[in-house]
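For reference, the structure discussed in these notes is given below.
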Amino acid sequence: MRVLVTGGAGYVGSVVSALLLAEGHEVIVVDDLSTGHADAVPPGAVFHQMSVAALDPVLGDWDVDAVMHFAAKSLVGESVQEPAMYWRNNVVGTVALLDSMRAHGVPRIVFSSTAAVYGQAEQQPIEESAPTRPTNPYGATKLAVDMALTNYAQAYGMTAVSLRYFNVAGAYETADGLRFGERHAVETHLIPNALASAAGEGEAMSLFGTDYPTPDGTCVRDYIHVVDLAAAHVSALAAGEPGEHHILNLGSGSGSSVREVLSAVAAVTQRDVPVVEAPRRAGDPAVLVASHEQATRILGWRPQRDLEAMVSDAWQFFLASRA
Ligand code: UDP
């Protein structure tokens with residue numbers, strides 16, 4: 001297939017692009033590099049530095065079979081401060097993309113959604129039928145697009161798949177030894193912060209909250225390897241029928257506490273991980289674990305890589321990016 005990947009210079013978009021190429025697909029990446037990195041676009045992909053908003057005049061010429069849409073603003077804290085930017089980029093921009101797809105006859109979209117649409121879920125593991133009550137504008141904008149996709153698929157006969165990610169971690173190494181991983185200018189995620197702390201970069205890492213109602217008092221999350229996640233995207237290209245919108249959670253189905261992640265980081269790096277215990281971070285639910293039964297049913301997908309593999313691959317990427 002010929003696939004347009006928006007946001008293909010970002011973390012998940014770059015890994016998915018590399019995997020698509022490895023599996024013989026043609027890839028066109030569009031990214032405005034507002035948060036992505038030009039050198040994260042895998043060789044073999046055609047790259048256009050442009051925003052999603054500028055796509056309409058050119059989309060018809062590219063004759064793509066599907067769009068994988070990753071381009072988005074994705075910082076929870078920033079979304080609370082600047083919701084207008086999130087609604088404009090993530091929702092207005094995506095509706096314009098969908099209208100361009102309709103105008104140019106592009107029949108299929110795979111959308112990068114998030115577990116943040118569920119907010120503080122009452123039941124674990126979280127199924128796709130759980131109530132959607134996002135607790136921040138980032139989650140709200142992703143939910144808005146999920147809803148638009150249901151309507152567009154039904155009314156205009158598109159085939160749509162929304163993939164709701166839980167906590168993505170790890171990195172991908174191609175057969176040629178190229179590595180694609182997580183490199184955010186503002187890093188808020190646990191595993192990269194713990195690796196930086198183990199490497200002695202900056203201050204000791206803050207552990208946010210030790211008084212949660214969990215076995216060791218720290219938050220429990222469902223970590224999923226970016227390569228497993230990317231494999232689900234490739235499968236999603238062949239899933240569903242015109243008029244259908246599938247919404248699928250992508251998680252491992254089991255949880256790890258912050259302390260368990262820190263132990264894995266210490267074991268993999270063979271270093272101390274300097275940590276300061278800090279108050280809870282606003283908006284963090286105690287436990288988030290996915291049910292991925294739907295993804296297994298619709299995509300035949302099962303995650304294959306465990307927490308140690310995620311931390312180990314993230315560490316190799318971290319070391320390579322500092323070399
Ligand atoms: N966390 C932490 N210190 C950090 C970053 C994260 O203690 O520097 C905790 C955070 O409070 C949450 C878990 O690690 O309980 C996962 O956070 P992350 O930001 O990686 O993902 P989220 O679950 O918020 O999407």
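The figures follow:
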| read-out | value |
| --- | --- |
| From the C-alpha gyration tensor of segment 180-323, square roots of 5λ in Å | 30, 19, 13 |
| Bins of 5 Å from zero: percent of alpha-carbon pairs in segment 1-150 | 2, 10, 19, 20, 20, 15, 9, 4, 1, 0 |
| Estimated distance in nm for a label pair at residue 2 and residue 26, the labels positioned 7 Å out from Cα along Cα-to-Cβ | 0.4 nm |
| For the chain, share of DSSP beta bridges that run antiparallel, in % to the nearest 5 | 10 percent |
| The chain, Rg to Rh (Cα coordinates; Rh as Kirkwood inverse mean 1/r) | 0.95 |
| Estimated FRET transfer efficiency when R0 is 22 angstrom, pair residue 62-residue 34 (beta carbons, to 0.05) | 0.50 |
| Inter-label distance, nm, simple model (7 Å from Cα along the C-beta direction), residue 189/residue 238 | 2.7 nm |
| Size-normalised alpha-carbon gyration radius of segment 231-273, reference 2.2 N^0.38 Å | 1.94 |
| Rg over Rh, two decimals, segment 102-239 (C-alpha only, Kirkwood Rh) | 1.02 |
| Debye-sum result for segment 163-215 in log10 I(q)/I(0), which assumes one identical scatterer on each alpha carbon, at q = 0.14, 0.21 Å⁻¹ | -0.55, -0.98 |
| Structure-based [θ]222 nm, the chain - -39500 (n - 2.57) summed over DSSP H runs of at least 4, per residue, nearest 500 | -10500 deg cm²/dmol |
| Cα-based convex hull, segment 42-106, per residue volume (Å³, whole number) | 99 Å³ |
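Each value in this text was obtained by applying a stated rule to the coordinates, not by laboratory testing. Model, not experiment: these values are computed from the prediction. FYI the Cβ positions are ideal-geometry reconstructions off the backbone, even for glycines, and counts take in every protein chain you see.
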